[in-house]
Amino acid sequence: MQMPEPDQAIIDAKRDIVAALQAIVPGEGVIVDEDELRAYETDGLTAYKQLPLIVVLPETTEQVSRILKCCRERGVKVVPRGAGTSLSGGALPLADGIILGLGKFNRVLEIDLENRCAVVQPGVTNLGVTKAVEADGFYYAPDPSSQIACTIGGNVAENSGGVHCLKYGLTTNNLLGLEMVLMDGTILRVGGKHLDAEGYDLLGLMTGSEGLLGVVTEVTVRLLRKPETARAVLLGFETAEQAGDTVAAIIAAGIIPGGMEMMDKPAIHAAEDFVQAGYPLDVEALLIVELDGPQAEVDHLLAEVSRIAEEHGAITSRVSESEEERLSFWAGRKAAFPAVGRISPDYYCMDGTIPRAQLPLVLRRMREMSEKYGLRVANVFHAGDGNLHPLILYDANKPGELEAAEDFGSDILKLCVEVGGVLTGEHGVGVEKRDLMGEMFSEIDLKQQQRVKCAFDPEALLNPGKVFPQLHRCAELGRMHISGGKLPFPDLPRF
Amino acid sequence: MGSTFSAENRDQVVEAVAWAAAEEQPLEILGRGSKRALGRPVQAAHSLDLSKLSGITLYEPEELVLSARAGTPLAEIEAALDAENQMMAFEPADLAPLLGTETGNGSIGGMLACNLSGPRRIKAGAARDHFLGVESASGRGEVFKSGGRVVKNVTGYDLCKLLCGSYGTLAVMTDVTLKVLPRPQKTYTVLLLGLDDATAVKAMSRALGSPHEVAGAAHLPAALAAGSEVSYVAAAGGAVTALRLEGPGPSVEYRCAALRRELADLGETEELHSQNSLTFWRELRDVRPFWTGSDRAVWRLSVAPSLGPEVVASIAEGEAFYDWGGGLVWLALSADGDAGAARIRDVLQPLGGHATLIRAPAEVRAAEAVFQPQDPAMAALQARVKEGFDPHRILNPGRMYAGL
């Protein structure tokens, strides 16, 4: 994995840049000591490390604007960072770039229950939003597993999902407005408390743009009323096919569960050993189906789901009879990553999405790859929306295993694209999947995306080295080549 | 004398756009032309008609996904979904009767290009939230794709969002993929009778803040309620506030009873069952209250829901009704002069939100800003985005903003 060649002139100008930044953010907001910089050298994708040139921690939008303007004038690259939980290396620093940390933007600015929204700063954690409104019976729907730590700003950058997004949508479906700062220091507001802001949908574009277009300094999120009740059912199957068919049949019956998760045998065993969730151990696939909503609806649909599962060969079926039991069903799933961490020195988490019907094929091919690479794989799967999280088990201390795990991972993602899916469902491209973008997109597709980038950041100073395998200069992208000069219109039918 | 190019496949779309780019000839992009009277009139000698670029190319009900060519009639898509008991959950409106064109004639591409969503927007999201993947020809005459056929996808920028609501000014969509959802088994509507606007919006806010999963919240003042085809609504003799509940039978019955009980302090309540409910919400979706009096201008305002009544009171002209819990205001007033543009923009300026002139004579739509004017920094950014897709500004020039 190659990052852009560092610019030695920028590294040599560090003292001047530090002085300029200190003039904007006084006190301890500018970090230069190597020991302190160390805390920022990686994110949730710990295989890659790089010390940043400088870290700056502004407290106001105006400071962010001045920092970006200052960096642009000097040609300094900027990597925005929330809590640094990215699993794709989205916040990986650059040797000649600053880290712009938004951690001090940690206040809930306004709770407006009448309009069912909250205005928060980007450094507020995902769970922090829900905590701020749960006493009133509301919550913020997207729930990535890292929600205790990850920030709303990072969620916007990555368009984070979670186990409930089949019914409630991803981050992009739960935002109303943003304040953001462009690389030239321009402060813009998009949307507000109203729906569907006019003009081009920059709110939708910004969500999932991985910190390459602008720095988000304020977010208005939609709040939902907490469902009256939620119950889950654990369903065990002898084959993954049966579990997959059950998922399809549930949806074909018109039921959209709040959550619908699948685990394969290695994941079930790892989770059960770790948290004793009460999972059946004699099954090849486990489904957790959660229904939420009014009591009458949940009871009705649970009966339907149980009946469908039985018809499709479920050999175990257990409905949660208490909130405690429901949470214990989820405890195993939510702890699947650390559970796998206990049975292997290292693991590599993938994030492809596939059309659901392709699941049996993809699982079979993955088993073949597992044999080929000599590495074990455990699967957790957002079954409702086709988002796979294969966990590849490896030992970084054994020569060649990290590389084998990475190759195994790219083979899985290529397979996802081959069967009609995509490289990443919710973790982002970052540096991790950057060089695989050509598997999914043509050169023309990628150039069109980069022309969007040019509209926001023509010098490509914001988070370079992420998402795009090759950076084209905006001037080059702007050129139009018209072959053969101006031709009369050929023979399209006219009337 | 201009020509209409009628493309039957993607290659012909590319050919037409590449020609227009080379000649720097503006093109009006038409799906089936049903919303041609929406937006600013396009100044283009030539047009590109996509009505023959038609047909559903993939529909997998259990995967909740449907793909179609851009010119496919919405009616054809709705019929296919109906047969599987599914729907486009964002409830796309048929604005033809409002705009005075032939009903039931819109295309899927045109619907997405305008991002128009109906009453269920507040629960299920807008058209843009259901738009999974696209292939299109940019104004450079190049075919590019974005998104895919799966719901969870963060691979690259979400250009579907940009194209949705771009009124054909960025690229010509040729193939689109949508997320579809099961149709609810039952639809009931709780009616609250005789509330003034402000009380109605507070009541809707209570209902939307309840755990009863309200999937539509609208308020019609007495004069407009009286025109409904649903006899219970027309005969109510006063204003009608409506709250829609959808889902499996037992759930809908339970929630309907609970909501009526919880809102009993507001006076008399009534309930509509399935057929009447469906009719009532279709009327709202298609803006039926303003079909008559077609000489009046119609505005669509999107504001913070709690501000709806204040906005209407401050404009103090014409007739209004509310959808989206108060956040969507449909306003009809005289089309004379600027059709109320200056007054409406002044009222919204300090409060936020935006207003679109949906129906007005072409000369008014050419002279006034049809969409909410943007501040200079935002307008400049949007112009740069346009530049990246359509450097010669050949695609629907001026349809959204003059010069864009």
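Residue check, A:A336 against (1) within 14 Å of chain B (Cβ to nearest Cβ); (2) buried (at least 20 other Cβ atoms within 10 Å of the Cβ); (3) at pLDDT below 90, all met but one. Which one?
The failed condition is (1).
For the range B:74-87, does any single residue satisfy the condition of being farther than 17 Å from B:S51 by Cβ, crowded, with 22+ Cβ neighbours inside 10 Å and more than 13 Å from chain A (Cβ to nearest Cβ)?
No: zero hits.
Evaluate the range B:382-395: report whether one residue or more is more than 10 Å from every other protein chain (Cβ to nearest Cβ), on the phi < 0 side of the Ramachandran plot, surrounded by fewer than 20 Cβ atoms within 10 Å (Cβ to Cβ) and acidic (D, E).
For the range B:382-395, residues more than 10 Å from every other protein chain (Cβ to nearest Cβ), on the phi < 0 side of the Ramachandran plot, surrounded by fewer than 20 Cβ atoms within 10 Å (Cβ to Cβ) and acidic (D, E): absent.
Name the residues in the range B:137-151 that are in contact with a helix residue (DSSP H, G or I) (Cβ under 7 Å, 6 or more places away or on another chain), within 7 Å of chain A (Cβ to nearest Cβ) and not in a strand (DSSP E or B), would you?
Those that are in contact with a helix residue (DSSP H, G or I) (Cβ under 7 Å, 6 or more places away or on another chain), within 7 Å of chain A (Cβ to nearest Cβ) and not in a strand (DSSP E or B): B:R140, B:E142.
Just give me the residues in the range B:278-310 being part of a helix (DSSP H, G or I) and surrounded by fewer than 23 Cβ atoms within 10 Å (Cβ to Cβ), in sequence order. Walk me through how you get there before you give the answer.
Taking the range B:278-310 and keeping what is part of a helix (DSSP H, G or I), we get B:278-285, B:288-290, B:305-310.
Matches in the range B:278-310: B:L278, B:T279, B:R282, B:E283, B:R285, B:R288, B:S306, B:P309, B:E310.
Before we move on, is A:K131 over 24 Å from B:K152 (Cα atoms), outside any loop (DSSP other than H, G, I, E, B) and of a type in the set (K, R)?
yes
Write out, first by first residue and then by second, each pair whose Cβ atoms fall under 6 Å of each other, whose residues are 6+ apart or on separate chains, and whose first residue, in the range A:121-147, is within 14 Å of chain B (Cβ to nearest Cβ) and farther than 17 Å from A:G162 by Cα while the second is surrounded by 23 or more Cβ atoms within 10 Å (Cβ to Cβ) and not acidic (D, E).
A:V133/A:L223; A:F138/A:L223
Filter the range B:16-40 for residues that are among the charged types (D, E, K, R) and part of a loop (DSSP other than H, G, I, E, B); which is farthest from B:I358 (Cα to Cα)?
B:E24
Among the residues of the range B:312-321, are any at pLDDT 95 or above and within 23 Å of B:K123 (Cα to Cα)?
yes
For the range B:187-211, which positions are more than 11 Å from every other protein chain (Cβ to nearest Cβ) and of a type outside the set (A, V, I, L, M, F, W, C)?
If the condition is that a residue be more than 11 Å from every other protein chain (Cβ to nearest Cβ) and of a type outside the set (A, V, I, L, M, F, W, C), then B:T187, B:Y188, B:T189, B:G194, B:D196, B:D197, B:T199 are the ones that fit.
Name every residue in the range B:177-198 that is crowded, with 20+ Cβ neighbours inside 10 Å and not in a strand (DSSP E or B), in order of residue number.
B:V180, B:P184, B:L195, B:D197 - these are the residues of the range B:177-198 that are crowded, with 20+ Cβ neighbours inside 10 Å and not in a strand (DSSP E or B).
Give the residue that is nearest to the chain's Cα centre (by Cα), with candidates limited to residues of the range B:37-72 that are of a type in the set (D, E, K, R) and within 11 Å of chain A (Cβ to nearest Cβ). Step through it out loud before you land on a result.
The initial filter retains those residues of the range B:37-72 that are of a type in the set (D, E, K, R), namely B:40, B:49, B:52, B:60, B:62-63, B:69.
If we keep only those that are within 11 Å of chain A (Cβ to nearest Cβ) as well, we get B:49, B:52, B:60, B:62-63.
Numbers: B:D49: 22, B:K52: 24, B:E60: 25, B:E62: 26, B:E63: 25 Å.
For the range B:37-72, the residue satisfying everything is B:D49.
Of the residues that sit in the range A:43-56 and are at pLDDT 95 or above and among the hydrophobic types (A, V, I, L, M, F, W, C), which one is surrounded by the most Cβ atoms within 10 Å (Cβ to Cβ)?
A:V56
For B:V134, indicate whether it is part of a loop (DSSP other than H, G, I, E, B) and either at the interface with chain A (Cβ under 7 Å from one of its Cβ atoms) or at negative phi (or both).
no
Among the candidates A:D385, A:D445, A:D435, which residue alone is on the phi < 0 side of the Ramachandran plot and free of Cβ contacts under 8 Å to residues at least 60 places away in the same chain?
After applying the criteria, what remains is A:D445.
Quick one: which residue in B:S302, B:S294, B:S306 is among the hydroxyl-bearing types (S, T, Y) and touching a Leu at 6+ places or on another chain (Cβ under 8 Å)?
Residue meeting the stated conditions: B:S302.
Select the helices (runs of 4 or more DSSP H) contained entirely in the range A:426-480, then report the ones holding at least 1 residues which are over 22 Å from the mean Cα position of the chain (by Cα) and within 11 Å of chain B (Cβ to nearest Cβ).
On the way: elements: A:437-440, A:443-456, A:474-478.
Result: A:443-456, A:474-478.
When only residues in the range B:355-364 that are in contact with a strand residue (DSSP E or B) (Cβ under 9 Å, 6 or more places away or on another chain) and surrounded by fewer than 22 Cβ atoms within 10 Å (Cβ to Cβ) count, which is farthest from the other protein chains (Cβ to nearest Cβ)?
Among them, the one singled out is B:P361.
Can you tell me which condition A:E158 does not meet? The list is (1) under 25 Å from A:E459 (Cβ atoms); (2) surrounded by fewer than 24 Cβ atoms within 10 Å (Cβ to Cβ); (3) at the interface with chain B (Cβ under 10 Å from one of its Cβ atoms); (4) acidic (D, E), and all the others hold.
Status for A:E158: all satisfied but (2).
Run down B:T155, B:T169 and say which single residue is more than 8 Å from every other protein chain (Cβ to nearest Cβ) and either under 23 Å from the mean Cα position of the chain (by Cα) or without any contact (Cβ under 8 Å) to a residue 12 or more places away in the chain (or both).
From the options B:T155, B:T169, the qualifying one is B:T169.
Report yes if B:E91 is modelled with pLDDT of 95 or more, buried (at least 16 other Cβ atoms within 10 Å of the Cβ), away from chain A (no Cβ under 11 Å) and more than 23 Å from B:G398 (Cα to Cα), otherwise no. Explain how you work it out, then say what you get.
Numbers: modelled with pLDDT of 95 or more: yes; buried (at least 16 other Cβ atoms within 10 Å of the Cβ): yes; away from chain A (no Cβ under 11 Å): yes; more than 23 Å from B:G398 (Cα to Cα): yes.
Criteria met by B:E91.
Here is a yes/no grid of residues against (1) within 13 Å of another protein chain (Cβ to nearest Cβ); (2) under 21 Å from A:H382 (Cα atoms); (3) surrounded by fewer than 16 Cβ atoms within 10 Å (Cβ to Cβ); (4) without any contact (Cβ under 8 Å) to a residue 24 or more places away in the chain:
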position	(1), (2), (3), (4)
A:G278	no, yes, yes, no
A:L287	no, yes, no, no
A:A303	yes, no, yes, yes
A:A309	no, yes, no, no
A:A314	no, yes, no, no
A:F329	no, yes, no, no
A:D346	no, no, no, no
A:V362	yes, yes, no, no
A:M366	no, yes, no, no
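Answer yes or no: is there a residue in the range A:221-228 that is at pLDDT 95 or above, crowded, with 24+ Cβ neighbours inside 10 Å and more than 8 Å from every other protein chain (Cβ to nearest Cβ).
yes
Restricting attention to the range A:1-42, report how many residues are at pLDDT 95 or above, in a loop (DSSP other than H, G, I, E, B) and under 30 Å from A:G341 (Cα atoms).
2
If you check every pair at least six apart or on different chains, which have Cβ atoms under 6 Å apart with a residue in the range A:193-215 that is facing chain B (nearest Cβ under 7 Å) and over 19 Å from B:I122 (Cα atoms) first and a residue that is part of a loop (DSSP other than H, G, I, E, B) and of a type in the set (D, E, K, R) second?
So the pair list comes out as A:G208/B:D158.
The values are calculated or read from the model by the stated rules, or taken from the named source; none is laboratory data. Since the structure is predicted, the reported quantities are computational estimates derived from the model, not experimental observations. For neighbour counting, all protein chains shown are included, and Cβ atoms are generated from backbone atoms with ideal geometry for every residue, glycine included.
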